[in-house]
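Below: the structure, in structure tokens.
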Amino acid sequence: MIAVDDIGPVPLLLVHGHPFDRSMWRPQLARFGPRRRVLAPDLRGYGATGGATPSWRALAEDLVALLDGRAVPRAVVVGLSMGGQVAMELHRIAPRRVAGLLLAATTPAAEPDRAVRLAAAERLEREGTGPYTDEVLDRMVVPGSPAAAHVEAMMRAADPHGAAAAQRGRADRPAYPLHDVAVPAAVVVGTRDGFTSVEEARRTADALPDAELTVVDGVAHLPNLEAPDAFDAALQRLLDRVERPVSGTDGA
């Protein structure tokens with residue numbers, strides 16, 4: 001391997017949740033894009049990326065390949081909900097590629113009910129994403145949120161076959177102990193999140209060796225869209241920790 005000094009801000013890799021696409025990161029692209037490199041891909045089976053999701057490992061390997069293809073040795077990885085679990089899988093298979101880790105509205109626990117997840121996949125293929133959107137939109141975002149229209153549009157536009165494949169991959173997701181995450185980390189959760197409780201987020205932060213917990217009042221499952229200022233502030237604090245100069249002596 002060639003030795004190199006890679007000077008400049010650490011790139012960001014933003015990993016979206018289900019059933020969304022890379023457009024969920026618009027506020028973060030606007031906030032951080034002018035000052036650093038930001039990669040915000042559509043995961044396999046979502047948005048403009050075709051195919052299906054055979055496993056969480058396959059999604060993580062896609063991200064490693066993306067970093068390789070863009071010559072990015074390490075990135076601060078930001079994942080929300082399903083994207084947080086994929087981010088944890090990325091750290092599991094390629095920890096040296098992760099310079100920092102932000103987990104939002106997610107859990108490191110293994111899938112608690114495989115049968116329910118598989119049934120949800122079958123329903124998506126049978127009915128499409130419309131009924132699912134109708135049922136859970138108010139758990140994704142607080143009713144009346146300015147972000148609601150964007151979130152609903154992403155959900156209704158999602159390919160039901162890609163979303164179903166991801167649900168099947170999710171059914172077999174492992175637990176992530178997190179004790180071996182040796183980089184700065186952050187955990188973000190909304191107080192009105194209908195999927196990830198504040199208590200669960202607190203346990204996640206406690207499991208990480210070096211994590212800051214940010215609880216955003218009055219928002220649901222997508223704090224990056226409902227409260228971008230608070231979310232971006234938490235991400236900026238993580239970046240500051242990742243990029244903080246290491247003090248020491250030169251031995252002279």
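The values are calculated or read from the model by the stated rules, or taken from the named source; none is laboratory data. None of these values were measured; they are calculated from a predicted model. As a convention, Cβ positions derive from the backbone with ideal geometry for all residues, glycine included, and neighbour counts pool all protein chains shown. For the accessible areas, the whole protein counts, side chains as well, though only heavy atoms, and no ligand, DNA or RNA atoms are used. Shrake-Rupley method; radii C 1.70, N 1.55, O 1.52, S 1.80 Å.
Could you please let me know if Thr191 is open to solvent by 40 Å² or more (accessible area, probe 1.4 Å) and at pLDDT 95 or above? If you could, list the steps in order and put the result at the bottom.
Details: open to solvent by 40 Å² or more (accessible area, probe 1.4 Å): yes; at pLDDT 95 or above: yes.
The answer is yes for Thr191.
Mind listing whichever residues of the stretch 66-82 are in a helix (DSSP H, G or I) and small (Gly, Ala, Ser)? I'd like the intermediate steps shown before the answer.
Of the stretch 66-82, the ones in a helix (DSSP H, G or I) are 66-69, 82.
Selection gives Gly69 alone.
Looking at the stretch 55-76 only, could you name the residues that are touching a residue at least 60 places away in the same chain (Cβ under 8 Å) and touching a Lys or Arg at 6+ places or on another chain (Cβ under 8 Å)? So that I can check it myself, show each step before the final result.
Step one: filter the stretch 55-76 for residues touching a residue at least 60 places away in the same chain (Cβ under 8 Å), giving 55-56, 58-59, 72-76.
Correct list: Trp56, Ala58, Leu59, Val72, Pro73, Arg74, Ala75.
So which residues in the stretch 205-232 are surrounded by 15 or more Cβ atoms within 10 Å (Cβ to Cβ) and in a helix (DSSP H, G or I), if there are any at all?
Answer for the stretch 205-232, where residues must be surrounded by 15 or more Cβ atoms within 10 Å (Cβ to Cβ) and in a helix (DSSP H, G or I): Ala205, Ala207, Pro223, Asn224, Leu225, Glu226, Pro228, Ala230, Phe231, Asp232.
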